[in-house]
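Would you mind keeping the following structure in view while I ask a few things?
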Amino acid sequence: MTDDSSDAPGKPAPGGQAPRGQAMWGGRFSDRPDELMQAINVSIGFDRRLATQDLEGSRAHAAMLRKAGVISSEDAAAILQGLETIGQEMAAGTFPFREEFEDIHMNVEARLRELIGPAAGRLHTARSRNDQVALDFRMWVREACDRTTAQLKALQGALVAKAEAHVETLTPGFTHLQPAQPVTFAHHLMAYVEMFGRDASRFADARVRMNESPLGAAALAGSPFPIDRQMTAEALGFDRPTANSLDSVADRDFALEALAAATICAIHLSRLAEEIVIWMTPQFGFVRLSDAFTTGSSIMPQKKNPDAAELVRAKAGRLLGSFTQLAVVMKGLPLAYSKDMQEDKVPTFEAFDALELSLRAMTGMVADLEPDRERMAAAAGAGYSTATDLADWLVRELGLPFREAHHVTGAAVKRAEQLGCDLPGLPLADLQALEPRITAGIYDVLAPGASVASRKSYGGTAPDQVRSQINRWKDILA
């Protein structure tokens, strides 16, 4: 995709084609580009993915030119019919993509000339490949955001369904990957529902900002023709046309913002994938995945590897790399268009391909995984995980300042370590040696289930609170 004015791109040869061996913009040039120039310049190998958007934009542009009186009704009808034929060829896989025409725009225009003759050259009136590619790419990114949002909703639905089945299932809550406090497995899963909800909102926010049409900005300065940019914007589902022609063709912040949202989403996916990997180790043994989402080893027959989770975890690096790649491309470009911006598509395409695959894989894994309730419950009480409950009881029942209660509890943990027992197994006499006013009522809060049930503050892990959040998200996702 190259810089290009809104004038007709070179004098066509008889039959409507540019002279053989000459690019469609070749009127200014006497010689053909070097083969190396052709190799580095051509983009049809990847921007063919914009074919649908290019045809949609061209249809809207042709209809607007006809209504504005810029082209005749006969030419407009021929153009629209030709574009329809091209669309059918692309759907059937018979469209002749050719590198000699560089990009998707010139491939479509060249084929249109073959189909309808010289009238095809009128389609490019009042537009440039600069605003054309800005339009096509913006539409593609907009659709990618919509697809991703739908996939996030499906993943959230899978998490909510799994959480609903495990509201009472105890599991250890960690900080520093050390036992901290007991929580429920449902509460843990619902944390990711919140994260992915914010991811969806970021894509929605980005979509609002990108939903302006650059079509009609032409090369960089606008058009002298009496075009109706509001008409084409509405026809293509945009809220409005862009307000500055230079900005319209010069920036790719809409793609950067979408990639930023995609990268954050991939980080959330990676964190959940990491937990699945850890949970499946024999040392944890918290969850099982079926054969559908695991693989074996070519040498170790006993292995059942969580490769799907590991690959989701790894793809976060690809998305971060894509964001960085496009940011570096854009960071030093003067206004308006530069050919550097041809490098915006591959990282964006690759990033959303990786993200969409990761979302589908994670949705499948969440639905597939089965927790080991007994193993989780046993681990929930390990590592003196109810120590905070002991401290809270001392504050609540005896009126101790929290720092003093914290000190007494630390001494109780030390004594339990000496005796080789957990906190619920610590004799009352040993507790009273640390604080004489402690009563047998302390044992009511030291069991993991009691600890979980006591966390009734809004957003806490108490089952009733978790059920409330599950119901809230079921309403949101319905």
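The values are calculated or read from the model by the stated rules, or taken from the named source; none is laboratory data. Owing to the predicted nature of the structure, the values given are computational and were not obtained by experimental measurement. A quick note on method: Cβ atoms are made from the backbone with ideal geometry, for glycine too, and the neighbour counts reach across all protein chains shown. When the accessible area is computed, the model is the full protein with side chains, heavy atoms only, and any ligands, DNA or RNA have been set aside. Shrake-Rupley method; radii C 1.70, N 1.55, O 1.52, S 1.80 Å.
Counting Lys +1, Arg +1, Asp -1, Glu -1, what net charge surrounds Gly82 among other residues with beta carbon under 11 Å of its beta carbon?
Computed value for this residue: -2.
Right, another one. Between Ala429 and Ile476, how many nm apart are label points set 7 Å from Cα along the C-beta direction?
The modelled label-to-label distance comes out at 5.4 nm.
Something else about it: Any lysines with Cα under 19 Å of the Lys339 Cα? List them, leaving off those in the same chain fewer than 8 positions away.
Here the lysines satisfying the reach criterion relative to Lys339 are Lys331.
How high is the relative contact order of the range 79-163? Use alpha-carbon pairs under 8 Å, at least six apart in sequence, and give a whole percent.
It rounds to 25 percent for the range 79-163.
Moving to a separate point now. Just the projected area, averaged over all directions, of the convex hull on the alpha carbon atoms of the range 382-477: how many nm²?
Taking a quarter of the hull surface, the average projection is 6.8 nm².
Just round it to a whole percent: the fraction of Cα-Cα distances in the range 33-122 exceeding 21 Å. Walk me through the numbers before you get to the answer.
Details: 1293 of 4005 pairs.
Here the long-distance tail beyond 21 Å is 32 percent of all Cα pairs in the range 33-122.
Any idea of the accessible area per residue across the range 382-477, 1.4 Å probe, to the nearest Å²?
Spelled out: the 1.4 Å probe surface of the range 382-477, per residue, equals 52 Å².
Probe of 1.4 angstrom, ligands and nucleic acids ignored: what's the accessible area per residue over the range 101-176, in square angstrom? Write out the running numbers ahead of the final one.
On the way: 1980 Å² over 76 residues.
Here the residues of the range 101-176 average 26 Å² of exposed surface.
Using only Cα atoms, tell me the angle between helix 73-92 and the longest principal axis of the chain; keep it within 0 to 90° and round to the nearest 10.
50
Report the Cα centroid-to-centroid distance between the range 174-253 and the range 259-289 in angstrom, as an integer.
26
What FRET efficiency would be calculated for the residue pair Lys414, Ala180, taking the C-beta separation as r and a Förster radius of 22 Å, to the nearest 0.05?
Efficiency for this residue pair is about 0.75.
May I pose another question? Quick check: net charge around Phe101, other residues with Cβ under 9 Å of its Cβ, Lys/Arg +1 and Asp/Glu -1? Walk me through the intermediate numbers first.
Details: positive: Arg98, Arg111; negative: Glu99, Glu100, Glu102, Asp103, Glu109.
Combined, the nearby Lys, Arg, Asp and Glu give -3.
Over the chain, one equal point on each Cα, no solvent: what is log10 I(q)/I(0) by the Debye formula at q = 0.07, 0.14 Å⁻¹?
One equal scatterer on each Cα of the chain leads to -0.54, -1.23.
Cross-link partners among lysines for Lys315, C-alpha distance below 24 Å, same-chain residues fewer than 8 apart left out?
Lys153, Lys303, Lys304, Lys345
First select every other residue whose beta carbon is under 9 angstrom from the beta carbon of Met280; then total the charges, Lys and Arg +1, Asp and Glu -1.
Around Met280, the surrounding residues sum to +2.
Go ahead and estimate [θ] at 222 nm for the chain from helices alone: -39,500 (n - 2.57) per DSSP H run with n ≥ 4, summed, over the residue count, rounded to 500.
On the way: 18 runs with 279 residues, N = 478.
So the helix-based figure for the chain works out to -19000 deg cm²/dmol.
Fully extended, how many nm does the chain gain between Ala150 and Gln230 (0.36 nm per residue separation, minus their Cα-Cα distance)?
Full extension from Ala150 to Gln230 adds 25.9 nm.
When only Cα pairs under 8 Å and 6 or more residues apart are kept, what is the percent relative contact order across the range 382-477? Walk me through the intermediate numbers first.
On the way: 85 pairs, mean separation 23.6, N = 96.
Computed value for the range 382-477: 25 percent relative contact order.
On a full-extension model of 0.36 nm per residue, what is the gain between Ala367 and Thr52, subtracting their alpha-carbon distance, rounded to one decimal in nm?
110.0 nm
Quick one: pull the percent of accessible area on the chain belonging to carbon and sulfur, 1.4 Å probe, ligands and nucleic acids left out.
Carbon and sulfur: 54 percent of the exposed surface of the chain.
Roughly how tilted is helix 345-368, in degrees to the nearest 10 and between 0 and 90, from the longest Cα axis of the chain?
Tilt relative to the chain: about 40 degrees.
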